[in-house]
1. How much length would be gained if the chain were fully extended between N220 and E44, taking 0.36 nm per residue of separation minus their Cα-Cα distance, in nm to one decimal?
2. Given contacts defined as C-alpha pairs under 8 Å and at least six residues apart, what's the relative contact order of the range 39-230, whole-number percent?
3. Using the Karplus equation 6.51 cos²θ - 1.76 cosθ + 1.60 (θ = phi - 60°), what ³J(HN,Hα) coupling, rounded to whole Hz, does each residue of the range 162-172 give in order, writing x for Gly and Pro?
4. Taking K and R as +1 and D and E as -1, what net charge do the other residues with C-beta under 9 Å from the C-beta of E239 add up to?
5. Please give the contour-minus-distance gain from R68 to E230: 0.36 nm per residue of separation, less the Cα-Cα distance, rounded to one decimal in nm.
Amino acid sequence: MSEQDDSDGQPGDDERSRDDRLANTPGKGVTPEASAIEPAAPEEFGLVQAWWGDGKGKTTAALGLGMRAAGHGYRVHLLQFMKGGTASVEAVRGEYNAIAALPGFSYETTGNFGWHGFLDGTDDGEHAARAEAALARTSELVEAAGEADLDAPLPLDGDPEDGVHLLLLDEALYAANRGLIDSEELVALVEGKPEGLELVLTGGHESPDYLLDAADLVTNVRKVKHPFDEGQRARKGTEY
């Protein structure tokens with residue numbers, strides 16, 4: 001009988017303590033492996049998240065969250081309010097290519113060329129019109145989610161009009177901060193969302209105080225240092 005075995009044939013203290021430790025780890029000590037993506041339904045979705053601040057990473061965080069949810073087989077849609085970018089940003093975006101290759105993840109953008117408030121020749125009225133169109137589109141998608149069974153798997157190749165589990169509203173907070181959309185209308189959409197829809201809003205350098213009561217998670221992405229301040233332009237593969 002081994003030194004780790006008790007006299008009655010039961011595992012010894014060292015072995016039991018190891019099993020106890022593994023039982024409290026993710027996957028019980030088994031290294032995760034990739035598996036095929038199949039349609040599934042989330043068990044605990046339904047919160048509202050807001051990511052704002054003057055630091056880089058708000059959209060990146062939302063995209064990462066979307067990728068994670070899609071990897072579990074949940075239906076995800078990205079709607080971008082303001083994503084025209086600057087002259088240094090090419091028309092092709094790396095995130096769009098990646099989303100197109102990922103089952104269950106779709107996107108659309110209403111962003112005008114250029115950036116609101118920059119001296120780039122773009123019309124502020126056009127920026128506002130496109131942001132308002134994105135708000136109206138959000139209303140359609142939220143209503144569609146309310147008509148869908150979010151407790152059940154949704155087709156990974158289905159239209160977002162047929163319902164999604166996770167809706168990412170990129171730069172929606174920026175549009176509200178800059179007065180391109182009515183913040184009260186945005187809050188009304190958030191408060192009226194179906195119970196099972198996870199909603200993520202990003203953007204803005206100012207605290208979305210109007211959203212604090214309606215949001216479950218609010219993160220301030222704070223800049224400590226940014227290469228843009230030294231003249232570095234947007235780089236392919238990191239900013240677009």
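1. 61.0 nm
2. 37 percent
3. So the J values, rounded to whole Hz, are 8, x, 9, 8, 9, 10, 9, 9, 6, 6, 5.
4. Residues close to E239 contribute a combined charge of +4.
5. Net length gain for the segment: 55.0 nm.
No lab work stands behind these numbers, since they all come straight from the coordinates. Quick caveat: nothing in here was measured; it's all calculated off a predicted structure. In this analysis, Cβ positions are derived from the backbone assuming ideal geometry, glycine residues included, and neighbour counts consider all displayed protein chains.
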